[in-house]
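The values are calculated or read from the model by the stated rules, or taken from the named source; none is laboratory data. Keep in mind the model is a prediction, meaning the values are calculated, not measured. As a convention, Cβ positions derive from the backbone with ideal geometry for all residues, glycine included, and neighbour counts pool all protein chains shown. Quick note on the areas: whole protein, heavy atoms, side chains included, nothing else; ligands and nucleic acids left out. Shrake-Rupley method; radii C 1.70, N 1.55, O 1.52, S 1.80 Å.
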Amino acid sequence: MTAFSTWSLANLAEHLVKQKVVSAISRETLRRILRADKASWKASTDPDSIAKMHRVLALYDTPPTDGRVICVDEFGPLNLMPRKGKVWRPVRHTRRLRATYNRCGGVRHMLAALDLATGKLYYRIRPRKRWRKFLGLLEALRARWPREKLYVVLDNFSPHKHAKVRVWAADNDIERFFLPTYGSWLNWIEAEFAALR
């Protein structure tokens, strides 16, 4: 699924005409095309969405020379689910088990960071996505690159904005770049998550 954060249907239709993609298109036709492509359409409620988008895109286009750009996000819940296999045997009614029959240990979450300079993905598997777990990931990133300033791109998930995370990040030369609301598609790590899915 794709999400667009700063466009209304009317703005998108106008943009397509200006770019000469189409000579004319109605909002209803555009809505049908987007539904057929399973695109989610949510306009951002963030008043600074365009400024935030440009700030993140500028960070991608011209990475700072004094530090490293890292994209951070959470992926999950993760769980192992048994998949039915194929066997050669006579056709008859088989006894089925629910797909979640063996989830004794609960689920896990992956907290991940993508280093844009190398393309490497660093991650930790944790039972929860809380601020302490997120702070632990930031501490690991800080230990990996102790002398560089870190520019971290992340969404508006509440653990990313926790007061203790904010103070620790400021004290340890980590600048956080928040995405606009409904703008998670701007986070480069989402492409890696799509491949993992």
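Amide H of F177 versus every other amide H placed in the peptide plane: which residues, excluding those fewer than 5 positions away on the same chain, fall under 5 Å?
Here the answer is V152, V153, L154, since their amide H atoms fall under 5 Å of that of F177.
Tell me, what is the per residue accessible area of segment 130-197 in Å², probe radius 1.4 Å?
54
Apply the Karplus curve 6.51 cos²θ - 1.76 cosθ + 1.60, θ = phi - 60°, to the phi angles in segment 161-168 and return the couplings in whole Hz, x for Gly and Pro.
Computed from phi, the couplings for segment 161-168 are 10, 4, 4, 6, 5, 4, 5, 5 Hz.
Please compute the modelled spin-label separation between E175 and K120, points set 7 Å along Cα→Cβ, answer in nm with one decimal.
Once both label points are built, they end up 2.4 nm from each other.
Step through the residues of segment 109-125 one at a time and calculate ³J(HN,Hα) from phi using the Karplus curve (6.51 cos²θ - 1.76 cosθ + 1.60, θ = phi - 60°), rounding each to whole Hz and writing x for Gly and Pro.
Per residue, the Karplus-derived 3J(HN,Hα) values read 10, 9, 9, 10, 9, 10, 7, 6, 5, 10, x, 8, 9, 10, 8, 9, 9 Hz.
Over the alpha carbons of segment 130-186, what is the largest minus smallest coordinate on each principal axis, giving the biggest first in Å?
The Cα atoms of segment 130-186 stretch 33, 21, 15 Å along their principal axes.
Roughly how many percent of the accessible protein surface of segment 111-197 is carbon and sulfur, given a 1.4 Å probe and a whole-percent answer?
49
From the protein chains alone at 1.4 Å, what is the descending order of accessible area for R132, R68, largest first?
In descending accessible area the options line up as R132, R68.
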